[in-house]
Amino acid sequence: MVNQPLVSIIIPAYRAENTIAFTVRSVLAQTYDHWQVAIGVDDQVDYLQLLAEQGINDPRLKQVFTGGIGSGEAIARNKAVSICDGDILANLDADDAFASDRLEKLVPLAEKYGVAIDNTGVYNSELVLYKQPFPQRQALNFATAADILSPRIPFFPVFQRQLLGDGWTKVPFAADVLFNLELLSRTEKVAIHPEPLYRYYKRDNSITQSANAFETAEKAYLTILSLLDEGALTLTDAIRQAARQEFSENLALNKVFRRYMEEGRCQNLEQFLDMTNNGQKIEFVSNLN
């Protein structure tokens, strides 16, 4: 197709040997074909060689090494940007997937509005779609700060490179949320496509599934609140205030999550959020128990 902008797809990779082929195959299946993949390697694994061994050879695949091991998604994404050639950037985790028409549907929205996300499809361990952040929305709509903050479901933007700013901020947890809030602050509109075009898979090794999620989340929330209070991050005043309120509430909710874990009511953060509707049903659940 004439005048298709080049899309650089950023994949941070850490201990992704068992999933990255699945992820890259979803990119190879895109109906929009003017793309490149930039893998930010954060564990010193040669993922291009690993992919080649599984029959995946494509000159559009590139990789760059952070020089560390487990440095974090922010550092890996920022390093990957250094080898990106596209005017449009897209996020993709190394254990997730794009629907085959995701770029075809989101790139025009990113060109028009600056940033586009979709109604992230969350898949359980049986690979079944079981929730979305906005199940009632059926038409194109536009994100508010609350839309990004409240669902406790990640969004993976397709966006114009000129809106990148300084990239992702290193925090223990929720770096994607902070980055998406910065995108919202830099542009007038973040378009939300109503379909679940991003396939977000819950894995046993994810932070929300881990037994020590409480410690990771508490450290992250305290770090984020400090950044917000210091005036760090490129945010409008209204979005900064909304973020401060949400992360303060999350910090308090995290203490309840710890109690639930200690009492054996849940096994991980994801289960806690599901059973309490992101904390909204805590009194109800407590009364029942």
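Please list, ordered by residue number, the strands (runs of 3 or more DSSP E) wholly in the range 155-236 having 3 or more residues that are open to solvent by less than 20 Å² (accessible area, probe 1.4 Å) and assigned by the TED database to the domain that holds residue 123. Don't jump to the end; show me each part of the working.
Numbers: elements: 158-160, 189-193, 198-201.
It comes to 189-193.
Scan 209, 241 and give me the residue that is of a type in the set (S, T, N, Q) and modelled with pLDDT under 85. Working first, answer last.
Details: 241 fails: modelled with pLDDT under 85.
Criteria check complete, one pass: 209.
Residues checked against (1) in a loop (DSSP other than H, G, I, E, B); (2) open to solvent by 60 Å² or more (accessible area, probe 1.4 Å):
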site	(1), (2)
59	yes, yes
62	no, no
70	yes, no
77	no, no
85	yes, yes
103	no, no
111	no, yes
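Condition test on residue 30, is it open to solvent by less than 40 Å² (accessible area, probe 1.4 Å), part of a loop (DSSP other than H, G, I, E, B) and in the same structural domain as residue 108 (by the TED database)? Answer is yes for this residue.
Tell me, please, whether a residue that is assigned by the TED database to the domain that holds residue 169, touching a strand residue (DSSP E or B) at 6+ places or on another chain (Cβ under 8 Å) and under 15 Å from residue 160 (Cα atoms) can be found in the range 91-102.
As a first pass, look at the range 91-102 and keep what is assigned by the TED database to the domain that holds residue 169: 91-102.
Checking the rest, the ones that are also touching a strand residue (DSSP E or B) at 6+ places or on another chain (Cβ under 8 Å) come to 91-99, 102.
Within this subset, residues satisfying the condition of being under 15 Å from residue 160 (Cα atoms) are 91.
Looking for residues that are assigned by the TED database to the domain that holds residue 169, touching a strand residue (DSSP E or B) at 6+ places or on another chain (Cβ under 8 Å) and under 15 Å from residue 160 (Cα atoms), one finds at least one in the range 91-102, hence yes.
Scan the range 120-137 and give yes if some residue there is within 24 Å of residue 35 (Cβ to Cβ) and in contact with an Asp or Glu (Cβ under 8 Å, 6 or more places away or on another chain), otherwise no. No, the range 120-137 has no match at all.
The values are calculated or read from the model by the stated rules, or taken from the named source; none is laboratory data. Fair warning: this is a prediction, and the values are worked out from it, not measured in the lab. In this analysis, Cβ positions are derived from the backbone assuming ideal geometry, glycine residues included, and neighbour counts consider all displayed protein chains. Ligands, DNA and RNA are excluded from the accessible area calculation, which covers all protein heavy atoms including side chains. Shrake-Rupley method; radii C 1.70, N 1.55, O 1.52, S 1.80 Å.
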